[in-house]
Each structure stands twice: as structure tokens, then as C-alpha cells.
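The numbers here are math on the coordinates, done by the rules we state, and not lab data. Treat the numbers as computed from the prediction; the structure is a model and nothing was measured. Backbone-built Cβ (ideal geometry, glycine too); neighbour counts: all protein chains shown.
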Amino acid sequence: MKPLICAVLLMAGLAGISPVQAQAPQAPPNGTPDEPTVTPFELQRLFDSYALLQAQDQLKISDEQYSRFLPRFKALQDVRRQALQQRTRALADLRRMLADSSTDDAQTRERLKQLQEIESRGQAEARKAYDAIDQVLDFRQQAQFRIFEEQMERRKIELVTRARQANRANRPQRQGERVP
């Protein structure tokens with residue numbers, strides 16, 4: 001448990017700075033030094049660790065309660081991540097099918113049906129994960145948890161936006177390219 005707490009504290013400290021600054025410097029493929037970048041997976045992992053640490057403080061969870069809350073919150077994060085990955089893959093397949101003129105309507109309908117099943121399954125699994133979390137929290141903490149999640153989602157969007165802006169600012173401009 002101690003290594004986890006240290007890692008979470010480190011991640012929380014890193015969350016206070018730009019995600020681009022949190023990544024160790026790397027040279028781009030062309031060999032010239034450039035500003036470091038962070039992958040979406042790394043950003044999500046950092047943010048999940050930050051959220052785990054913040055949850056105990058924001059919800060005022062006791063240490064005993066937190067030991068039961070932690071694996072349930074991680075499970076919710078995993079369910080969401082897996083559902084998003086599956087949905088993204090299904091949408092990419094659907095996009096490819098629509099671009100392929102040889103795809104018939106039956107194949108497209110089948111892919112849409114699979115997408116709906118993925119979304120339904122993801123919602124059901126998330127509901128189960130919420131139920132498991134709610135078993136550990138009192139009603140006030142449950143309400144605070146829903147608000148906490150909204151705050152964390154806003155913070156994540158803010159960090160992603162800043163990371164994208166930093167990546168664009170650090171990327172060399174190509175001839176004829178507009179800077180947003």
C-alpha cells in the first residue's frame with residue numbers, strides 16, 4: 001500500500017504542472033531535440049492516479065473506508081476505459097465500412113448492432129461498479145462522489161486541452177500551415 005500512496009502522491013504533484021512537462025524528455029524520430037509529449041494512455045494513467053488520491057480527501061473517507069473504496073473506484077475506471085476502447089474500435093470499423101463502397105447495408109446494420117451492444121454493456125458494467133462504490137459510501141459521500149467525478153472530468157478536459165496546446169506550440173510549423 002505504501003508504494004501505491006507514494007506513486008499517487010507523485011502523480012498528484014505532477015498533475016499540478018502541464019502534462020507535457022511531466023513526461024521525461026525524448027528526442028523525436030528525426031533526431032533533433034524537441035519538447036516532450038505525453039501519450040493519451042500516459043495522461044489517462046496519471047490522471048486516474050491523481051483522482052484516486054483526491055477522492056479520499058474530497059469525500060472525507062476514512063482509511064478503513066478507503067481500503068474498500070480504492071479497488072472499487074479502480075474497477076469503475078477500468079470499466080470506463082475498456083468500454084471507451086471497445087466503442088472507439090467499433091466506430092473505427094464502422095468508419096472503414098462506410099468508406100468501403102463494397103460494404104452492403106446488412107454488414108453496416110450488424111456493425112451498428114454491435115456498437116449498441118457495446119454501449120449497453122458498458123453502461124450496465126458502469127452501473128454495477130457504481131453500486132459497488134455506493135456500498136462503501138454513505139449517502140452524503142455518494143452525492144459528493146458524483147460531484148467529484150464531474151470536477152475530475154472538467155479537470156481532465158482542461159489538462160488535455162493544455163497538453164494539446166503545448167504540443168501544437170512546440171511543433172515546428174510547416175510551410176503553409178496555420179497556427180490555431
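What you get for segment 62-136, charging only the Cβ of Lys and Arg (+1) and of Asp and Glu (-1), is a dipole of about 120 debye around the Cα centre.
Listed by Cβ neighbour count within 10 Å, with the fewest neighbours leading, D105, D93 appear as D105, D93.
When the alpha carbon gyration tensor of segment 62-136 is reduced to an equivalent ellipsoid, the three semi-axes, largest first, read 37, 11, 4 Å.
Dividing the mean sequence gap of close Cα pairs (under 8 Å, 6+ apart) by how many residues segment 62-136 holds gives a relative contact order of 53 percent.
Each residue of segment 157-169 is assigned a 3J(HN,Hα), and the resulting list reads 4, 4, 5, 4, 4, 5, 5, 5, 4, 5, 5, 5, 5 Hz, derived from the Karplus form 6.51 cos²θ - 1.76 cosθ + 1.60 (θ = phi - 60°), x at Gly and Pro. Of I157, I61, the sequence from fewest to most neighbouring Cβ atoms within 10 angstrom is I157, I61.
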